[in-house]
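Chemist: Pasting a structure below so you can have a look.
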Amino acid sequence: MLVEYLALARLVHAVRGMSIRTASRLIAIPLVIVGPLSLIDPDRFYRDLLKPSLIALWVSQIMVVAVFPLFMRRRGGIRVGHVVLAVGGTALMVFGLCSTIHDQLAS
């Protein structure tokens, strides 16, 4: 949860252009409020938040892997291997995303 908190704070900082301190506080407020509520039924809380968390993970990984060739182009040159790695990695990430969504619909 700490890593997710840091990632969300940095994402809000990057997207909204606010200071990291303000972004951290903005993210901390709902977490502090929801924390005690999760103790009412922790198993359901976990089940309800697992799938959205996994979907966000897959989407974020797809974005990183898919733009790898563009990153390499800026860093000094793109090779066929870069594109092959990006396509293969993206395919694996899309498979993970589809599996997660399919499991979400099945349950």
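The values are calculated or read from the model by the stated rules, or taken from the named source; none is laboratory data. Bear in mind that the values here come from a model prediction, so they are computed numbers and not experimental data. Here the Cβ positions follow ideal geometry from the backbone for every residue, glycine too, while neighbour counts run over all protein chains shown.
Chemist: Anything in the stretch 57-88 that is surrounded by 15 or more Cβ atoms within 10 Å (Cβ to Cβ) and within 30 Å of Asp103 (Cα to Cα)? List them, or say none. So that I can check it myself, show each step before the final result.
Modeler: So the first thing to find is which residues in the stretch 57-88 are surrounded by 15 or more Cβ atoms within 10 Å (Cβ to Cβ), and the list is 57-58, 61-62, 65-66, 68-69, 72, 78, 82, 85-86.
Answer for the stretch 57-88, where residues must be surrounded by 15 or more Cβ atoms within 10 Å (Cβ to Cβ) and within 30 Å of Asp103 (Cα to Cα): Leu57, Trp58, Gln61, Ile62, Val65, Ala66, Phe68, Leu85, Ala86.
Chemist: Something else: From the list Asp48, Asp41, pick out the single residue that is of a type in the set (D, E, K, R) and modelled with pLDDT of 90 or more. Lay out the reasoning, then the answer.
Modeler: Working: Asp48 fails: modelled with pLDDT of 90 or more.
Criteria check complete, one pass: Asp41.
Chemist: Here is a follow-up. Please work out if Val32 is assigned by TED's automatic domain parsing to the domain that holds Leu6 and out of contact with any strand residue (DSSP E or B) (no Cβ under 9 Å at 6 or more places or on another chain). Walk me through how you get there before you give the answer.
Modeler: Numbers: assigned by TED's automatic domain parsing to the domain that holds Leu6: yes; out of contact with any strand residue (DSSP E or B) (no Cβ under 9 Å at 6 or more places or on another chain): yes.
It is true that Val32 is assigned by TED's automatic domain parsing to the domain that holds Leu6 and out of contact with any strand residue (DSSP E or B) (no Cβ under 9 Å at 6 or more places or on another chain).
Chemist: Identify, please: which residue in the stretch 11-56 is among the β-branched types (Val, Ile, Thr) and surrounded by 13 or more Cβ atoms within 10 Å (Cβ to Cβ) and is, among those, nearest to Thr100 (Cα to Cα)?
Modeler: The initial filter retains those residues of the stretch 11-56 that are among the β-branched types (Val, Ile, Thr), namely 12, 15, 20, 22, 27, 29, 32-34, 40, 55.
Imposing the further condition that a residue be surrounded by 13 or more Cβ atoms within 10 Å (Cβ to Cβ) reduces the set to 12, 20, 22, 27, 55.
Values: Val12: 25, Ile20: 31, Thr22: 33, Ile27: 26, Ile55: 7 Å.
Only one residue tops the list, namely Ile55.
Chemist: Now, a different point. Pairs, please: C-beta under 7 Å, at least 6 apart or cross-chain, first residue assigned by TED's automatic domain parsing to the domain that holds Gly96 and assigned to a helix (DSSP H, G or I) and in the stretch 38-56, second surrounded by 13 or more Cβ atoms within 10 Å (Cβ to Cβ) and at pLDDT below 85?
Modeler: Taking only residues 6 or more apart or on different chains, the pairs are Lys51/Gln104.
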